[in-house]
Amino acid sequence: MRTAQKITVLLLLLTVAAAARRRDPLSEAETDQLRDAAQEPGKRLKLYIKFTEARLATIDEVRADPQQAPGRGKKVHGLLEDFTALLDEINDNLDAYQGRPLTKGDRKEFHKGLKEVIEAAGRFGLKLKALRAAADSDPQTRVESEDYRFVLQDAEDALKSTLDMAREYDASQAPEDEPAKKK
C-alpha cells in the first residue's frame with residue numbers, strides 16, 4: 001500500500017472510532033417515550049425538558065455523594081455532554097416544529113412548549129451557574145472541574161442558544177385563539 005492510501009485508511013479508522021465513542025444521551029426508555037410522542041410537539045418538548053433536568057439532577061447527586069469522588073470530574077463531564085446534546089435536540093425540535101404547518105391544537109401546544117422551554121432554561125442556567133461558582137470557590141471542585149471546564153462552557157453556550165431560539169419563536173408564535181394585543 002502506498003503512503004497516501006495508508007494515511008487515508010488510518011484517518012477513516014480514526015473517524016469510525018471517534019463516532020463509536022459518541023454515546024446516545026438518551027436511555028432506551030427515554031427514546032421510547034419520544035417515539036410515542038413523535039407527532040405531539042408540546043409533549044416532545046416537555047419530555048426533552050424532563051430528560052435534561054434529570055441530567056442536571058444527576059450532576060448534583062454525583063457531586064454530593066462522597067463515594068463518587070473517584071472520577072467525579074469525568075462523570076460530570078459526561079453528564080454535561082449529555083445535557084448539551086439534549087439542548088441540541090430541543091433546538092432541532094424547535095426548528096422542526098417552527099417551520100412545519102401545525103393544526104390549531106398542535107400550534108397551541110407548541111406555543112405552550114416554548115414557554116416551558118424558556119422557563120426551564122432559567123432553571124438550567126441557575127444550575128450551571130452554581131456548578132461554575134462551586135468550581136471557583138471550592139478547592140476540591142476546582143480540581144475536579146479541570147475535567148469539565150470546557151464542556152461546561154459549551155453547555156452554557158448551548159443553553160443561551162436554546163433560550164434565544166425559544167424566545168424568538170415565542171415572539172413570532174401567538175396562538176390563533178388568543179386575541180391580538182393592542183399596541
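The values are calculated or read from the model by the stated rules, or taken from the named source; none is laboratory data. For clarity, every value in this text was computed on a predicted model and none was experimentally measured. Using ideal geometry, Cβ is built from the backbone for each residue, glycine included, and neighbour counts are taken over all protein chains shown.
Evaluation of ARG149 against the conditions (1) out of contact with any Phe, Trp or Tyr (no Cβ under 6 Å at 6 or more places or on another chain); (2) closer than 30 Å to GLN39 by Cα shows that the sole unmet condition is (2). Just one of the listed residues (LEU128, LEU87) is closer than 16 Å to LYS50 by Cβ, of a type outside the set (Phe, Trp, Tyr) and in contact with a Leu (Cβ under 8 Å, 6 or more places away or on another chain), and it is LEU87.
List pairs: first in the range 106-130 and in a helix (DSSP H, G or I), second buried (at least 17 other Cβ atoms within 10 Å of the Cβ) and among the basic types (Lys, Arg), Cβ under 7 Å, 6+ apart or cross-chain? Hits for this filter: GLY113/LYS46; GLU116/LYS46.
Of all residues in the range 141-158, those that are assigned to a helix (DSSP H, G or I), in contact (Cβ under 8 Å) with a residue 40 or more places away in the chain and exposed (fewer than 13 other Cβ atoms within 10 Å of the Cβ) total 1.
Inclusion of GLU119 among residues that are surrounded by 13 or more Cβ atoms within 10 Å (Cβ to Cβ) and either touching a helix residue (DSSP H, G or I) at 6+ places or on another chain (Cβ under 8 Å) or within 18 Å of ALA158 (Cα to Cα) (or both) is not warranted.
When the range 1-37 is limited to residues that are modelled with pLDDT under 85 and small (Gly, Ala, Ser), the one that is farthest from the chain's Cα centre (by Cα) turns out to be ALA4. What's the total number of residues in the range 68-110 that are within 20 Å of MET165 (Cα to Cα), over 13 Å from the mean Cα position of the chain (by Cα) and surrounded by fewer than 19 Cβ atoms within 10 Å (Cβ to Cβ)? Of the residues in the range 68-110, 9 are within 20 Å of MET165 (Cα to Cα), over 13 Å from the mean Cα position of the chain (by Cα) and surrounded by fewer than 19 Cβ atoms within 10 Å (Cβ to Cβ). Assess whether GLY78 counts as being assigned to a helix (DSSP H, G or I), more than 22 Å from PRO41 (Cβ to Cβ) and among the small types (Gly, Ala, Ser). Criteria met by GLY78.
Taking each residue of the range 21-50 that is within 13 Å of ILE90 (Cα to Cα) and looking for partners that are of a type in the set (Gly, Ala, Ser) and part of a helix (DSSP H, G or I) with beta-carbon atoms closer than 7 Å, six or more apart or interchain, yields PRO25/ALA85; PRO41/GLY113; GLY42/GLY113; LEU45/GLY113; LYS46/GLY113; ILE49/ALA120. For the range 149-170, the tally of residues that are farther than 21 Å from VAL76 by Cα and in contact with an Asp or Glu (Cβ under 8 Å, 6 or more places away or on another chain) stands at 1. I'd like to check something: does the range 131-142 contain any residue that is hydrophobic (A, V, I, L, M, F, W, C) and in contact with a Gly (Cβ under 8 Å, 6 or more places away or on another chain)? Within the range 131-142 (the criterion being hydrophobic (A, V, I, L, M, F, W, C) and in contact with a Gly (Cβ under 8 Å, 6 or more places away or on another chain)), the answer is no, since none of the residues qualifies.
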